[in-house]
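Let me begin by presenting the structure, written as structure tokens, before commenting on it.
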Amino acid sequence: MDNKPKELRLILLLFGGTGDLAKRKLYPSLFNLFKKGYLQEHFAVIGTARKDLDDDKFQELVRESIANNGDEGQVKSFAAHFHYTHHDVTDLKDYSKLKDLLNKYNEEYDAQGNRIFYMSVAPRFFGQIAEAIKSEGLMSDDGYNRLMVEKPFGTSYETAEKLQKQLESGFSDNQIFRIDHYLGKEMVQNIPAIRFGNPLIDATWNKDYIKNIQVTLAEKLGVEERAGYYNTAGALLDMIQNHTFQIVGWLAMEKPASFSDKDIRAAKNAAFSKLKIYDEEGVKNNFVRGQYGKGREVWQKAYTEEPDVPSDSKNDTYVAGRLQFDTDRWQGVPFYVRTGKRLSEKQTRVDIVYKKSAFDFGEFNQDKLEEPVLSILIDPVGRIEFSLNGKDVTTEFQTRSDLLSWQVSDKDKELTPDPYERMFHDAMNGDGSNFADWTGVSISWKFVDQIAKTWDEDKAPLETYESATMGPVAADRLLAETGDRWIYRG
Ligand code: NAD
């Protein structure tokens, strides 16, 4: 089979072309697609922002952001595809010049009317921009029109729904690519490969064999310089509503009819629609909120001692909880999720805990059998571990648990595309498999809103945990209630 990349033709209109994300992530990712041959002659980027720049200055900014990633000739020819116009997204009159530029460069680059609108500006502008794209006639009639939306997507169900309505004014859901960069991570994309690519795993991916599933997104760092934003969001909105839910989607989904984005979304949504949404009592019984206290090192200050954090803040820097899906597949199987700052290690992982074998090996083996665990480590290293029962080296017959382990090689790590490169690639190919779908996002907000409300009204305790540990003991108790325990202990 010919694996040569097919050249993609398009004009990318980038709102926020001078921003941090554009410089750190978007330009390097586009450059990688250029070096690999997905982007060649027939693409252009129109950058817009408030700053008054000309094409030369903008191209200089682009060159600087990718300078270390390629030879001078490549960098120069890539940057020559970038054009700039000063633009205020809040001024409707200002959009007509974007329309003219889109038409001009479409002709010049023979982009066949394909357009991607990328909103890399503050989220409060997303709705307004999407409406203006439609009302000011920026969409093309003869190619595709796609919208890439940065996160966060709303701050509650109400605000997310309002935003969705604004986006829907011009774009249908299969034209909207909501970014969640966790979905672009190599090891997250490995989940469906492991699950559906191995009949022995696929066939046992249900309540008959699985005892519980655990998703951990642990951060070692504290709030750092993001206190202003973080203190209004907390771990629940910053990590659970979006990234954790998207990972859970791959785990909880039904088997899709095919591996197309349409079928994948349908299968995920079928599971999400059966997620049990808790009332206040349910939140209290199934979720734990925590906040980091001091650590043993002098620099490990308590959250409330961090710069720009009010000393009486009750913000959650840690969340652990139990999700329940009311489906045939998952009846009675808890999905435990947890995330937190200032934990003992940075680690993103999934642990699938299988049921213990009921087989009786005889008198010398009482209590020796373990629950087999399949672990998918996502960050900072990609690894798959499978702990299995085997025979111990003893005269009597006894079993012991041994670990099979495979790790992403240095070579594969080097070849791994940045999530943004993959997301651009997929959006340019119209593949929405690795983007958040509105049905899932709306359910995650309904679920999270209930927790936020209970906590905002201070109806559940705020547990303090020592910095550089794996969180409050209440999170251990949550699992112990049903005879479970966290597999990853830091
Ligand atoms: P930034 O503040 O660095 O850049 C914002 C850009 O918007 C600038 O180019 C600015 O000129 C432009 N802008 C601001 N007001 C404007 C206006 N009225 N009209 C036109 N342009 C205007 O922000 P950022 O960090 O690049 O973030 C961009 C988006 O990406 C945000 O939605 C953010 O939530 C999201 N995001 C960023 C990161 C990151 O690592 N920076 C990570 C995840 C998500």
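Between 0 and 90 degrees, the angle of helix 95-109 with respect to the longest Cα principal axis of the chain falls at about 90 degrees. Averaging over all projection directions, the Cα-based convex hull of region 356-480 occupies 14.2 nm² in the image plane. Peptide packing: for 161-174, 281-294, the average count of neighbouring Cβ atoms within 10 Å per residue gives the ranking 281-294, 161-174, highest mean first. Per-residue packing, averaged as other Cβ atoms within 10 Å, sorts the ranges 458-470, 66-78 into the order 458-470, 66-78, beginning with the highest. With Cβ to Cβ distances under 10 Å as the rule, what net charge do the other residues near TRP438 carry (K, R +1; D, E -1)? Result for the local shell: -2. Only Cα pairs under 8 Å and 6+ residues apart enter the sum, and on that basis the relative contact order of region 301-391 stands at 19 percent. Here the gap between SER135 and ARG477, fully extended at 0.36 nm per residue and compared with their Cα-Cα distance, gives a gain of 117.7 nm. Across the alpha-carbon atoms of region 1-45, the computed radius of gyration and Dmax are 12.0, 40 angstrom.
Please report the relative contact order for the chain, taking Cα pairs under 8 Å with a sequence separation of at least 6, and give it as a percent rounded to a whole number.
Working: 905 pairs, mean separation 79.8, N = 490.
It comes to 16 percent, rounded to a whole number.
Under the 0.36 nm per residue contour assumption, what length would be gained going from the current alpha-carbon distance of LYS368 and ARG383 to full extension? Each step should come with its number before you reach the end.
On the way: separation 15, 0.36 × 15 = 5.40 nm, distance 2.62 nm.
Difference between extended and current length: 2.8 nm.
Computed from the Cβ-Cβ distance with R0 of 41 Å, the FRET efficiency linking ASP392 to GLN189 stands at 0.65.
Using bins of 10 Å that start at zero, the share of Cα-Cα pairs per bin across region 194-276 amounts to 14, 38, 27, 16, 4, in whole %. Sorted on the mean count of surrounding Cβ atoms within 10 Å across their residues, most packed first, peptides 324-335, 22-33, 234-245, 476-487 read 234-245, 22-33, 324-335, 476-487.
With the simple model of a label 7 Å out from the Cα in the direction of the Cβ, ASP52 to ALA266 spans 5.5 nm.
Taking label points 7 Å from Cα along the Cα-to-Cβ direction, GLU280 and SER405 give a separation of 4.8 nm. Taking 24 Å as the cut-off for C-alpha to C-alpha distance, list the pairs among LYS151/LYS453; LYS23/LYS51; LYS23/LYS411 that go past it. Among LYS151/LYS453; LYS23/LYS51; LYS23/LYS411, the Cα-Cα distance tops 24 Å for LYS23/LYS411.
Rounded to the nearest whole angstrom, the semi-axes of the ellipsoid equivalent to region 75-224, taken from the Cα gyration tensor as √(5λ), stand at 38, 20, 17, largest first. What you get for region 420-490, charging only the Cβ of Lys and Arg (+1) and of Asp and Glu (-1), is a dipole of about 140 debye around the Cα centre.
Computed extension gain for GLN74 through TYR229, at 0.36 nm per residue and net of the alpha carbon distance, reaches 52.0 nm.
Taking amide H positions as modeled 1.01 Å from N, with prolines and chain starts lacking one, the residues under 5 Å from ARG178 and 5 or more places away or on another chain are VAL149, ALA436. Set the Cα radius of gyration of the chain against 2.2 N^0.38 Å, with N its number of residues, and you get 1.06.
With the cut-off at 29 Å, tell me which of the pairs LYS35/LYS104; LYS262/LYS356; LYS165/LYS262; LYS211/LYS274; LYS355/LYS391; LYS165/LYS207 have Cα atoms farther apart than that.
Working: LYS35/LYS104 25 Å; LYS262/LYS356 36 Å; LYS165/LYS262 21 Å; LYS211/LYS274 19 Å; LYS355/LYS391 18 Å; LYS165/LYS207 37 Å.
LYS262/LYS356; LYS165/LYS207, as the Cα separations exceed 29 Å there.
Counting alpha carbon pairs within less than 8 Å and at least 6 residues apart, what relative contact order, in whole percent, applies to region 313-364? Walk me through the intermediate numbers first.
Numbers: 34 pairs, mean separation 14.9, N = 52.
For region 313-364, the relative contact order is 29 percent.
The simple Förster model, with R0 at 35 Å and r as the Cβ-Cβ distance, assigns LEU415 and ILE201 a FRET efficiency of 0.90.
Calculated mean residue ellipticity at 222 nm for the chain: -9500 deg cm²/dmol, from DSSP H runs with n ≥ 4 weighted as -39500 (n - 2.57), summed, divided by the residue count and rounded to 500. Over the C-alpha trace of region 41-125, radius of gyration and Dmax come out as 13.8, 41 angstrom.
We did not get these values from a lab; they are worked out from the coordinates using the rules stated. Remember, it's a predicted structure, so these values are computed and weren't measured experimentally. Note that each Cβ is placed from the backbone with ideal geometry, even for glycine, and that neighbours are counted across all protein chains shown.
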